[in-house]
Amino acid sequence: MEEKDFLSIKSWAEEDRPREKLLLKGKAALTDAELIAILLRTGVQGSSALDIAKKILHKVSGNLNELGKLSVNDIKKLEKGLGDTKAVTIVAALELGRRRQSSTIRELPVIKSSRDSFAYIYPEIADLQHEQFFVMFLNKSNKVLQHKNISSGGVSGTVADIRIILKSALELLSTSIIAVHNHPSGNLKPSQADKELTQKLKDAARLMDITLLDHLIIGDNAYYSFADEGLL
């Protein structure tokens, strides 16, 4: 073992300290022991956090799966001086890793038509008794990154702030948007105000290289699409 292994981490060159090394070189550059040392934060008398991390790994033959099976009390027994806090931190980190590995990657829905847009948003907007304005934010592959309720109104109207819409689009790095609002009356015909808002939103979005793909008006299990009607 090299001499520097027995020195305090703070006395090392910055690029060799686990936390600093992660910041400088990225997480993939760290060994298992260095990652555990970050979790431990501090060592105990006579041993640095990295010393302890190496000893812990040695006692499980370097097998993180075996380490993940251990309880808090089991981990405390691996090395003298390990208390509840350090052991709990290790157990929690390994449990997060297990849950990440077992979780499925959420596939973002893809919008290819006005029907797709309607199917995506309708469950949320179907039973509303007052007007609400939503915006769907999409990436360059037309996958929905997120949707937001921009504003709420009464039974006869709502006002959408274009600045709020574009601010959200920029924060999400969205390349296109789809506006949606409901008509509780069931009348799908766009009002003059609906047409004017659509044009303003389209023009403002274009200035930021964001495309307004559509504006849907949703009624009783039906919808009106500005794009389908050639109004965009």
message = Counting other beta carbons within 10 Å of each residue's own, what order do Ser168, Ser117, Ser71 fall into, fewest first?
response = Ser71, Ser168, Ser117
ask   = So what is the relative contact order for the chain, in percent, with contacts set as C-alpha pairs under 8 Å and at least six apart?
value = 12 percent
request  = Mind pulling up the Rg/Rh value for the stretch 69-132? Radius of gyration and Kirkwood radius, both on Cα.
outcome  = 1.43
inquiry  = Treating the stretch 54-176 as a set of equal point scatterers at the Cα positions, no solvent, please give the Debye-formula log₁₀ I(q)/I(0) at q = 0.17, 0.23 Å⁻¹.
reply    = -0.86, -1.31
request  = Compute from the Cα atoms of the stretch 3-102 the Rg and the Dmax, the latter being the longest Cα-Cα distance, and quote both in angstrom.
outcome  = 13.2, 40
Rounded FRET efficiency, nearest 0.05, which uses the C-beta distance separating Gln45 from Asn65 and R0 of 30 Å = 0.45
key: Ranked list, fewest to most other Cβ atoms within 10 Å of each Cβ, for His183, His130   = His130, His183
Considering only the chain, percent of DSSP beta bridges that pair antiparallel, nearest 5 = 70 percent
key: Along principal axes, Cα extents of the chain, largest first, whole Å   = 78, 35, 29
ask   = For Glu95 and Met208, FRET efficiency with R0 = 35 Å and r from the beta-carbon atoms, rounded to 0.05?
value = 0.25
note = Per the Kirkwood formula over distinct C-alpha pairs, the hydrodynamic radius of the stretch 114-225 in angstrom is 13.8 Å
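FYI, it's all coordinate maths here, none of it is from the lab. Values in this document were obtained by computation on a predicted structure and should not be read as measured data. Positions of Cβ are backbone-derived with ideal geometry, glycine not excepted, and every protein chain shown enters the neighbour counts.
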